[in-house]
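Below is one structure; the comments refer to it alone.
The values are calculated or read from the model by the stated rules, or taken from the named source; none is laboratory data. Everything numeric in this text was worked out from a predicted model, so none of it was measured. So basically every Cβ, Gly included, is an ideal-geometry build from the backbone, and we count neighbours across all protein chains shown.
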Number of protein chains: 2
Amino acid sequence: MPRLLIRNVSVLIVPESGDCGVDESQDIHIHDGQITAIVPTGTGPESARAEAARGADPTEVVEGTGLIAVPGLVNSHTHSPMVMMRGAAEDLSIEDWFNQRIWPMEVNLTPERVRVGGRLACAEMLLAGVTTYVDHYFHADQIAEAALEAGIRADLAPTFFSSAGPEVIEAAITTARGLRTRGPRITASLGPHATYTVSDEDLRRTADIARAEGFRLHLHAAETDDQTQSSVDRLGVTPMQVLERTGVLDAGALIAHGCGIREADLPILEQFADRTTVASCPKVYLKLAMGTVTPIKGLQSIGVRVGVGTDGAAVHNTLDVWESLRLVALTQKQREQDAEWMNVSDTLRLATRGGAAAAGLADQSGALEPGRQADIALIDLSGPHCQPVHDPRAALVYSVRSSDVVTVLVAGEVVVRDRRLTRMNLEEVLADAKDLAHTLVDLSKGGAVQHYAP
Amino acid sequence: MPRLLIRNVSVLIVPESGDCGVDESQDIHIHDGQITAIVPTGTGPESARAEAARGADPTEVVEGTGLIAVPGLVNSHTHSPMVMMRGAAEDLSIEDWFNQRIWPMEVNLTPERVRVGGRLACAEMLLAGVTTYVDHYFHADQIAEAALEAGIRADLAPTFFSSAGPEVIEAAITTARGLRTRGPRITASLGPHATYTVSDEDLRRTADIARAEGFRLHLHAAETDDQTQSSVDRLGVTPMQVLERTGVLDAGALIAHGCGIREADLPILEQFADRTTVASCPKVYLKLAMGTVTPIKGLQSIGVRVGVGTDGAAVHNTLDVWESLRLVALTQKQREQDAEWMNVSDTLRLATRGGAAAAGLADQSGALEPGRQADIALIDLSGPHCQPVHDPRAALVYSVRSSDVVTVLVAGEVVVRDRRLTRMNLEEVLADAKDLAHTLVDLSKGGAVQHYAP
């Protein structure tokens, strides 16, 4: 791969802990998809200059003047093809949202419709500076096609309910195995839907396969406290205890939402903190009036890493991680009744390092450091909604819009240049989605893929 | 003034109650700053066509194909020049935010700095589809200059504390009187800061002047329940009772925030519902961990109209009313624990008709109807974050970004065309703000304009 240089850019430094900072006037050197050096503009490294001088490799230069480079954002939990149902299930309780709209609509899923939705989702996310997404949906092989076409990084969990029967479950696991052959930007997880839609027996069997084959699991659990209470009433245990007794936590899990995780669950999770991550998607918790948000403070206190997600756009309406991280900061301050908590640095860390952990890429992505993948978004803070910039971190958390994302790299490849996708024809992606949108929301067939009764 | 025609546009219909709708393929005819007709594209009205045919008036045509026309948004409560302090007071409790940062910084205010900040604020708001803002700040004559230059509509309340002394209060009221001579886009209110910073005696005197001269008052009251409790402990009455006993409610008031309005206050407010409005700015309530949000359901039940605001950007970080209205919907659903409450239609109504009422323009703006002012924003919903559009109302509440605003009219004048200001040089506005930004956040002088101890 050619060398690439992002020249004269401000660089957001996101340390493992403590305050984020910004280094001005830096050059980011990239080779073979990795960051090789970040140095003051024009100062090196020698090797790169020497090699460039002898014309070993053409170096592509991306001009960074006036922009700030941030680690590409990670959408830690989504169902990307659900963009096709955006706006089709509004102002509904969580029960009606599932039972009257979404699960009846999902009888309409076909491989083609999933791929078309998946492409639209990739376009939306890349243009907004998301370089990795962690997906949980049906027809995941089609989602992989979309991601590969767009050039985005994706961790895909082929999703199943117990109600679909053993053959469908086996097929989902087979799909996950196949995804592992799709190149370095695609990884796979196993995707049981939730503790309330997958039996303990199926969770246990899936966890066994995960352990044996080196997968982890990505599933919904304790989405609300109502779900937790229902689990306690029905089974005598919380969803976290279900995950423990079925071996899911032992295998390693990304838990979506976890708003209903209780204090008493924390000692259980703490035993598996090295392999447990939680994705928080607060726009959904507010919109569905779920009563609370992910207990990030408690989770972080036991060493569980948390990422920021959007969930599917059929409820979140966007796949905008900037919006999500802002809502994480705002709702966490409110939850803890502490305006000093979830400060701008901690929020940015969740959406970058936290997201990378949620994607299973803790050591490879999520920060701009030599040796890491060059997953980078260049942001323009010059708009009147960001100016003046007394604190660029605050601008990124509280002012920036996705439309301020100018250029995006995944694995050192420019996939968005000057606000345009380099690999996809956006007009075609949009036209295909518009053509098929009505087929997804058709309720005339009757039936549903599942019934919500947690 | 010339005639203007917005051709072949979708039109958001916001009725007084009930569901909003969208009429496709409409022509909006505008004359003398007012909407004269909204009719299917190419169908009339006869008079306009006849006049055009005989060349009476040149008709400017704004192409609306592919866009949706919405009533220009109203920022119902802000301190616009505080954009100069954006990002300079982050992650602080409400006490520290006021006492350690903002009120010490405000000793640096000068007419020039206020004007420069006011211009930047107008630029940010207009580009985001805000056609009216309701401001509450010092040096309001300078804010009027900024609004007049930008072409935006503004209601301005020259602000005062009792601690500043009678001469300053008198000067503020004199400024308000002067604002009334600044043309049709500028109106004035009287601006005592808050029930906890202005004495009952000064509130009473201000209310008397307001009644005598036909002003209304715009002030902070019951911002948090802590403030309400403190008022009860200290004075034996709630802030709403203070407003009642001082004649403020009788004169007519726009109350900023009101998160601490209690059930028992509602019968008091109900007596003055015809002249009371409340502005809700939920991003601030979350960010400062204020514990609750405006009780909109209770206020609407007694007929008090509510608008959507941003407060100042020193805490809200943007003047983005799209962001605010989205947060109103999300936080109201959470507050009432009812996902069906504050639906997309009711939310859009708050930000348009509600905002117009909060600006004192209930009959003149806030809806696209013949006879009303042509305050209009044209929005592009074709971006991948909005598509497909199963419900344009949902797209406006939950997906749209301010960067989707293409064209903006105030009083029938195009003030933003193809995402660019027509009256101001944005680069110059930004450069001036950058030049002066450091002077606003300088804490070296010591002192403060006020102390927060509600």
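Numbers for the structure displayed
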item: Members of the range A:101-118 found to be in contact with a His (Cβ under 6 Å, 6 or more places away or on another chain) and either at pLDDT below 95 or of a type outside the set (Val, Ile, Thr) (or both), listed by number; result: A:PRO111
item: Residues of the range A:159-182 that turn out to be out of contact with any strand residue (DSSP E or B) (no Cβ under 9 Å at 6 or more places or on another chain) and among the aliphatic types (A, V, I, L, M), as a count; result: 1
item: Residue within the range A:418-434 that is over 30 Å from A:SER230 (Cβ atoms), assigned to a strand (DSSP E or B), of a type in the set (Asp, Glu) and more than 14 Å from every other protein chain (Cβ to nearest Cβ) present; result: no
item: Of the criteria (1) in the same structural domain as A:GLU24 (by TED's automatic domain parsing); (2) not in a loop (DSSP other than H, G, I, E, B), which one A:ASP346 fails; result: (1)
item: Members of the range B:112-168 found to be touching an Asp or Glu at 6+ places or on another chain (Cβ under 8 Å), within 20 Å of B:ARG86 (Cβ to Cβ) and part of a strand (DSSP E or B), listed by number; result: B:TYR133, B:VAL134, B:ASP135, B:ALA154
item: Meets criteria (farther than 17 Å from A:PRO384 by Cβ, surrounded by fewer than 20 Cβ atoms within 10 Å (Cβ to Cβ), of a type in the set (S, T, N, Q) and more than 14 Å from chain A (Cβ to nearest Cβ)) for B:SER163; result: yes
item: Within the range B:7-48, tally of residues that are among the hydrophobic types (A, V, I, L, M, F, W, C) and farther than 14 Å from B:PRO370 by Cβ; result: 5
item: Residue count for the range A:49-100, restricted to those that are modelled with pLDDT of 95 or more and part of a loop (DSSP other than H, G, I, E, B); result: 13
item: In the range A:339-385, the residues that are charged (D, E, K, R) and either in contact with an Asp or Glu (Cβ under 7 Å, 6 or more places away or on another chain) or farther than 13 Å from A:VAL328 by Cβ (or both); result: A:GLU340, A:ARG353, A:ASP363, A:GLU369, A:ARG372, A:ASP375, A:ASP380
item: Residues of the range B:371-391 classified as at the interface with another protein chain (Cβ under 8 Å from one of its Cβ atoms) and either touching a residue at least 60 places away in the same chain (Cβ under 8 Å) or among the polar types (S, T, N, Q) (or both), total; result: 2
item: Helices (runs of 4 or more DSSP H) contained in the range B:198-302 and holding at least 3 residues charged (D, E, K, R); result: B:200-213, B:225-235
item: Residues (closer than 27 Å to A:LEU4 by Cα and at the interface with another protein chain (Cβ under 9 Å from one of its Cβ atoms)) located in the range A:392-417; result: A:PRO392, A:ARG393, A:ARG401, A:SER402, A:SER403, A:ASP404
item: Any hit, the range A:147-159, residues being in contact with a Pro (Cβ under 8 Å, 6 or more places away or on another chain) and surrounded by 24 or more Cβ atoms within 10 Å (Cβ to Cβ); result: yes
item: Residues of the range B:81-126 satisfying the condition of being within 12 Å of another protein chain (Cβ to nearest Cβ), among the aliphatic types (A, V, I, L, M) and surrounded by 24 or more Cβ atoms within 10 Å (Cβ to Cβ); result: B:MET82, B:VAL83, B:MET84, B:MET85, B:VAL116, B:LEU120, B:ALA121, B:ALA123, B:MET125, B:LEU126
item: Unmet criterion (only one of (1) more than 16 Å from B:LEU319 (Cβ to Cβ); (2) assigned to a loop (DSSP other than H, G, I, E, B)) for B:THR407; result: (2)
item: Residue match in the range A:181-195 (condition: part of a helix (DSSP H, G or I) and either acidic (Asp, Glu) or surrounded by 23 or more Cβ atoms within 10 Å (Cβ to Cβ) (or both)); result: no
item: Residue check, A:THR246 in the same structural domain as A:THR331 (by TED's automatic domain parsing), over 21 Å from A:ALA356 (Cα atoms), touching a residue at least 40 places away in the same chain (Cβ under 8 Å) and surrounded by fewer than 24 Cβ atoms within 10 Å (Cβ to Cβ); result: no
item: Single match in A:GLY258, A:GLY236, A:GLY214 (criterion: in contact with a helix residue (DSSP H, G or I) (Cβ under 9 Å, 6 or more places away or on another chain) and modelled with pLDDT of 95 or more); result: A:GLY258
item: Selected residue (only one of A:ALA329, A:ALA339 is part of a loop (DSSP other than H, G, I, E, B) and not assigned by TED's automatic domain parsing to the domain that holds A:GLY412); result: A:ALA339
item: Residue count, the range B:279-312 (criterion: over 13 Å from the mean Cα position of the chain (by Cα) and either closer than 21 Å to B:GLY72 by Cα or not assigned by TED's automatic domain parsing to the domain that holds B:LEU126 (or both)); result: 3
item: Contacts under 7 angstrom Cβ, first residue in the range A:437-454 being in a helix (DSSP H, G or I), partner aliphatic (A, V, I, L, M), 6 or more apart; result: A:ALA437/A:MET84; A:LEU440/A:MET84; A:LEU440/A:MET85; A:LEU440/A:MET105
item: Complete set of residues in the range B:439-453 that are within 12 Å of chain A (Cβ to nearest Cβ) and surrounded by 13 or more Cβ atoms within 10 Å (Cβ to Cβ); result: B:THR439, B:LEU440, B:VAL441
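Residue by residue, here is whether (1) more than 8 Å from every other protein chain (Cβ to nearest Cβ); (2) on the phi < 0 side of the Ramachandran plot; (3) surrounded by 24 or more Cβ atoms within 10 Å (Cβ to Cβ); (4) at pLDDT 95 or above holds:
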residue: A:ALA279; (1), (2), (3), (4): yes, yes, yes, yes
residue: A:LYS283; (1), (2), (3), (4): no, yes, yes, yes
residue: A:ALA289; (1), (2), (3), (4): no, no, no, yes
residue: A:GLN300; (1), (2), (3), (4): yes, yes, no, yes
residue: A:GLY307; (1), (2), (3), (4): yes, yes, yes, yes
residue: A:ASN317; (1), (2), (3), (4): no, no, yes, yes
residue: A:ALA329; (1), (2), (3), (4): no, yes, yes, yes
residue: A:GLU340; (1), (2), (3), (4): no, yes, no, yes
